[in-house]
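Asks: Before I ask anything, here is the structure I am working with.
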Amino acid sequence: MTADIEAHAAERILVLDGAMGTMIQQEKPDEATYRGTRFADHPQDVGGNNELLSLTQPDMIRRIHADFLDAGADILCTNTFGANAISQADYGMEHLVVEMNAESVRLAREAAEAASTPERPRWVAGGIGPTNQTASISPDVNDPGYRAVTFDDLAAAYGEAARALIEAGADLLLVETIFDTLNAKAALFAIDSLRDEGLTIPPLMISGTITDRSGRTLTGQTPEAFWVSMSHARPFSVGLNCALGAGEMRQHVRTLSEVADTRISAYPNAGLPNEMGGYDETPEETAAHIGEWADAGLVNIVGGCCGTTPDHIRAIAQAVAGKTPRAIPSKVRRMRLSGLEMFEAVGAEAQEEGAA
């Protein structure tokens, strides 16, 4: 499967699906919907626990996957954004993490296989969200040194989720919506550690999020520094998602495209949120932006994040159809270090060329 997706990615721009959360909210699930019969007596409220729906409302999740595939998605992301022990602790459902991940892969796999053909296979990416904690920032303004979670806590939670996704048969792992690079490093450490258990690690997709117009992640890194922090993992792709609409994201996608020696992914929101927290950008508007990215040679994998529906994905797929994917540049043979910005050590030869 790895060689298969690499071959297809070399020939065309691949399309990710859209926003699972947006589609779930369109179903207007209530507390009873989330609980189903199995968790009718659970002692805590579970409304909003979208990952639970893989267990209680599998037909809903399967249908959402099928709609995105019908719209032209090549890669389905599993319904596992918050399927980790740290996030599930809010609902008292940490013990369900393995089952949530496994069932979510099964549902996505069923939909993908039903839509696949020999000429057009579909793939399942096991989604790993950022958790609802940050390792780099104190949640207490009066105690800057305090952390609600440790690196080891995060690694354990990520490792449990990743193991379940791999064992269930995910074709790729997608570490996404990274707002804190230290969280992501814990995820990468945990995933790599699974090799010691004899697991084969599928291709890794990494996607950060630029949180506002400052052009930095929540913890202050530029896209270039973010790439340097992640590059040791040799991912299948690196990219950006969430927070920004396509219009605001373009310059950051371009920057990442200029420094990363791997495939570039980008799946923006359907514009910036309105006063009610909704998203108003039409499929045609989003697709026009992403089609221009493809024309400019910036991307290899595209899709949609918050607010994007199958109509958005259909328009995006049509906008990039037949367009050449970005050429992957050769690895830069220079020392690069990352803080909040990237530092690149330039040798004497390069300095002389610059002076000339």
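Values quoted throughout were computed directly from the atomic coordinates according to the rules given, and no laboratory measurement underlies them. No experiment lies behind these values; they were computed from the predicted model shown. All Cβ positions, even for glycine, are placed from backbone atoms using ideal geometry, and neighbour counts span all protein chains on display.
Asks: Return the single residue from GLU51, GLU27, GLU275 with maximal mean-square fluctuation; model: Gaussian network over the chain, springs between Cα atoms under 10 Å.
Replies: Maximum among the listed residues: GLU275.
Asks: Given bins 10 angstrom wide, list per bin the percent of all Cα-Cα distances in the stretch 199-249, short to long.
Replies: Over the stretch 199-249, the share of Cα pairs per 10 Å bin runs 24, 49, 22, 5, 0 percent.
Asks: Check TYR279: other-chain or 5+ apart residues with amide H under 5 Å from its amide H, H built from backbone geometry?
Replies: Correct list: ASN274.
Asks: Moving to a separate point now. Between ARG216, ARG254, ARG147, which gets the highest mean-square fluctuation from a Gaussian network model of the chain, Cα cutoff 10 Å?
Replies: ARG147
Asks: If you don't mind, another one. Under 14 Å Cα-Cα from LYS331, which aspartates and glutamates qualify once same-chain neighbours fewer than 8 residues away are excluded?
Replies: GLU258, ASP261, GLU344
Asks: Under a 10 Å cutoff between Cα atoms, tell me which one of LEU174, LEU165, LEU340 has the largest fluctuation in the Gaussian network model of the chain.
Replies: LEU340
Asks: Now for a separate question. Based on the alpha carbon coordinates of the stretch 1-158, what radius of gyration and maximum Cα-Cα distance (Dmax) apply, in Å?
Replies: Computed over the Cα atoms of the stretch 1-158, radius of gyration and Dmax are 17.7, 59 Å.
Asks: What FRET efficiency, computed as 1/(1 + (r/R0)^6) with R0 = 41 Å and r the Cβ-Cβ distance, is obtained for ASP4 and PHE343, rounded to the nearest 0.05? Write down the numbers at each step before the final one.
Replies: Numbers: r = 38 Å, r/R0 = 0.92.
Efficiency for this residue pair is about 0.60.
Asks: Arrange the peptides 101-109, 226-234 so that the one whose residues have, on average, the most other Cβ atoms within 10 Å appears first.
Replies: Details: 101-109: 25.1, 226-234: 20.8.
Top of the packing list down: 101-109, 226-234.
Asks: Binning every alpha carbon pair distance of the stretch 77-188 at 5 Å from zero, what are the percents per bin?
Replies: 2, 13, 21, 21, 16, 11, 7, 5, 2, 1, 1, 0
Asks: Still on this structure: Can you work out D for the stretch 160-311 in µm² s⁻¹ from Stokes-Einstein, where Rh is the Kirkwood radius over C-alpha pairs, the temperature is 25 °C and the viscosity is 0.890 mPa s? If you can, show how the numbers build up before the last one.
Replies: Values: Rh = 15.9 Å.
The diffusion coefficient I find is 154 µm²/s.
Asks: Using the Karplus equation 6.51 cos²θ - 1.76 cosθ + 1.60 (θ = phi - 60°), what ³J(HN,Hα) coupling, rounded to whole Hz, does each residue of the stretch 307-320 give in order, writing x for Gly and Pro?
Replies: x, 8, 10, x, 5, 5, 5, 4, 5, 5, 4, 5, 5, 9
Asks: What is the fewest-to-most order of THR134, THR211 by other Cβ atoms lying within 10 Å of their Cβ? Working shown, then result.
Replies: Details: THR134 19, THR211 16.
If I rank by nearby Cβ atoms, fewest first, I get THR211, THR134.
Asks: Convex hull volume of the Cα atoms in the stretch 2-355, per residue, in Å³? All intermediate terms of the calculation are to be shown ahead of the outcome.
Replies: On the way: hull volume 54.6 nm³, N = 354.
It comes to 154 Å³ per residue, whole-number rounded.
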